[in-house]
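The values are calculated or read from the model by the stated rules, or taken from the named source; none is laboratory data. Since this is a predicted model, take the numbers as computed values, not measurements. Ideal geometry is used to build each Cβ from the backbone, glycine not excepted, and the neighbour counts take in all protein chains shown.
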Amino acid sequence: MISVCIFCGSNKSKALVECEECSRIPNSHADVIHSIIMSYSEEEPYLNFVSIDEIEVLRESIINGSPIKIEHATFSVAEEAYSAAGTQGSPQALKYFSKISHPVMVVMLLVFIVFVLLGA
């Protein structure tokens, strides 16, 4: 994953963490959405809102002192995705629950059978 600091243009480990270069953290809603947009993942392409080339152009703009300019439509799509992830759980949480859902269902079925047998 590639994440770029929206304040100084440096690489970051993740979109919403503190930048090691400028020590700033995206706090406002707009900063959070801009930070998400300024990230790119080859492993999880559904998280990408702009191309890697667009991120590099925006990085140069930030380094040169210009404010970040994201198209309104792109911002809106990223904002909607961020809101949906917040209400439905993150992709990591979905992956976790999808891995354990079958064992959980088996345990629930066994508990149900035990109650039926003991109650009968």
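Taking V57 as the residue in question, decide whether it is modelled with pLDDT of 90 or more and among the β-branched types (V, I, T). Considered against the rule, which asks whether it is modelled with pLDDT of 90 or more and among the β-branched types (V, I, T), V57 comes out as yes.
One residue stands out in region 1-20 among those that are of a type outside the set (A, V, I, L, M, F, W, C) and surrounded by 13 or more Cβ atoms within 10 Å (Cβ to Cβ): the one that is farthest from M38 (Cα to Cα), namely E18. The residues in region 46-62 that are buried (at least 16 other Cβ atoms within 10 Å of the Cβ) and part of a helix (DSSP H, G or I) can be counted, and the count is 6.
Considering region 21-45, the residues that are touching a Leu at 6+ places or on another chain (Cβ under 9 Å) and part of a loop (DSSP other than H, G, I, E, B) include one that is surrounded by the most Cβ atoms within 10 Å (Cβ to Cβ), namely M38. So which residues in region 63-78 are modelled with pLDDT of 90 or more and surrounded by 15 or more Cβ atoms within 10 Å (Cβ to Cβ)? I70, F75, A78, listed by residue number.
Each row is one residue, and each column tells you yes or no for (1) at pLDDT below 80; (2) within 21 Å of the chain's Cα centre (by Cα); (3) among the aromatic types (F, W, Y).
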position: R24; (1), (2), (3): no, yes, no
position: H29; (1), (2), (3): no, yes, no
position: E44; (1), (2), (3): no, yes, no
position: S51; (1), (2), (3): no, yes, no
position: G86; (1), (2), (3): yes, yes, no
position: V107; (1), (2), (3): yes, no, no
